[in-house]
1. So who's got an amide H within less than 5 Å of the one on Val164, skipping anything under 5 residues away but keeping other chains? H placed 1.01 Å off N, in plane.
2. Return the aspartates and glutamates within reach of Lys246: Cα separation strictly under 19 angstrom, same-chain partners fewer than 8 residues apart disregarded; answer none if there are no such residues.
3. Compute the Cα gyration tensor for segment 180-266, then decide on rounded, prolate or oblate, letting a ≥ b ≥ c be the square roots of its eigenvalues: rounded whenever a/c is under 1.5, prolate when a/b is larger than b/c in the other cases, and oblate in all that remain.
4. Name the residue from Met126, Thr152, Asn167 whose Cα lies farthest towards the positive end of the charge dipole of segment 115-240, charges +1 on Cβ of Lys and Arg and -1 on Cβ of Asp and Glu.
5. What FRET efficiency comes out for the pair Glu149/Gln213, r = Cβ-Cβ distance, R0 = 25 Å, nearest 0.05?
6. What's the FRET efficiency of Ala254 with Asn131 using the Cβ-Cβ distance as r and R₀ = 41 Å, to the nearest 0.05?
7. How do 90-102, 120-132 rank on mean C-beta neighbours within 10 Å, highest first?
8. For Glu161 paired with Thr202, estimate the spin-label separation in nm (one decimal), with each label point 7 Å from Cα along the Cα-to-Cβ line.
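The values are calculated or read from the model by the stated rules, or taken from the named source; none is laboratory data. As the structure is a prediction and not an experimental result, all values here were calculated from the model. Virtual Cβ from ideal backbone geometry, glycine too; neighbours counted across all protein chains shown. Note: accessible area is taken over every heavy atom of the protein model, side chains too, but ligands, DNA and RNA are not part of it. Shrake-Rupley method; radii C 1.70, N 1.55, O 1.52, S 1.80 Å.
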Amino acid sequence: CVVELVRGRRRNQAPPASTRRLETEMRSCVRVRKCGWNGTEKIRIGRKPNRRGWMAARGKGADKETVDELIHVLLSSKAEEEKAKVVADNVLSFDQSFWLRIAEKADQAGSQEEKEELSELANSVMKMVDNLVRATESQMEDSSTVLQEILTASADPATGEWQVPLNAREVESMRQAIAQRADKVDEAVIANAYAWMRKASTDKLPGMVEVIQTALQLYAGLALSGQSHDDPLDKIIAAAPADWEKLLREEVEAGRLSEDAFQEGLQKRMEGVVIGLESGSYRQRVQAEYLKELETRAKSIF
C-alpha cells in the first residue's frame, strides 16, 4: 500500500489523524518521480558534454545550427548501434524544435531520396527515444520496489507504520534488507531515496525523512566497509552513526586505532569514492557525505 511508505511518527506518539492526506502526498511524490524528476535529472546524472552530447548539455532552445549538426551526425551514423549511442547521449534534445527542424529540412529537400532519408531518420530516432523512455520508466519502477522493500523492513509488521527514532532491531532489519539486495541497490535506488526524502521534507513529514536518511546511512556504511572484521575502521564505518563516538573511543583506548591510521584509512576510502564512482552521482554523494560526517565526529575523540 502506497500510504505505508509515508507514515512515520515519533515513538509513543499517536498516529497522524489524516491518513488520506498522507496517501495523497505519497502518490504526489510518485508522480513527481515518474514525470518531472525521472524525465530530467535522472537522465543527466554524471553525464558530461562530449562530441555527441552537446545538445543534452545545452538543453532546450538550442539554435538551428546546433540542431542541424545533430541531424548531420545522426544521418552519418550508418550502423544502428552508433545511431543509438548518439540518441542516448542526446536524449534530452529530441524536443519539438528537433522534430520541426526535421520536417522543415524534408520540405526543403532537393530530391525525393533526401526527403525519404530524413523521414526514415525521424521514424528511427522516434522509436529509439521511445525505447529509452520505456526502459527508464521500467528501471524506476524496479528501483521503487527495491526501495519500498528496504524501508518497510523497519516498519511495524502489524501496522506497516514506523515509529521514530527506529530502535536497534528495526535498524538491523533495514540493514539486512539492504545487504540482501546489495546487487540491486544501484544509482536509481539511491536517487529515488533522495527524491522521496525531498518530497517528504517539502510536505513536512520529518518522520519519513528520518527513516529514509537511516536507509541512506546504512547503505553508505555497507558500501564503504571492507570484508575484514579485524579492521577497527571497517567496524566503525559499518556501525550506525549513533555508535561512532562510542566505538571510536573504545578502539583508541584499546590501542587498536591511532589518529594517523584513522585519517589514512578515511582518506583511502574517500579516494575510492571519488575515483571509483561516477562523478556527480547520488551514490558518490551519499558515501562522501558519510565519510565527511565520520571525520567531523572523530574530532571530539582525537
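1. Close amide H contacts, sequence-distant or interchain: Arg9, Arg10, Arg11.
2. Here the aspartates and glutamates satisfying the reach criterion relative to Lys246 are Glu172, Asp230, Asp231, Asp234, Glu259, Asp260, Glu293, Glu295.
3. On the way: a/c = 3.18, a/b = 1.91, b/c = 1.67.
Because a/c hits 1.5 or more and a/b exceeds b/c, segment 180-266 counts as prolate.
4. In segment 115-240, that residue is Asn167.
5. Working: r = 18 Å, r/R0 = 0.71.
According to the calculation, E is roughly 0.90.
6. Values: r = 57 Å, r/R0 = 1.40.
Step by step, r from the Cβ atoms, then E = 0.10.
7. Working: 90-102: 17.2, 120-132: 15.1.
Those peptides, ordered most packed to least, come out 90-102, 120-132.
8. Here the answer is 2.6 nm between the modelled labels.
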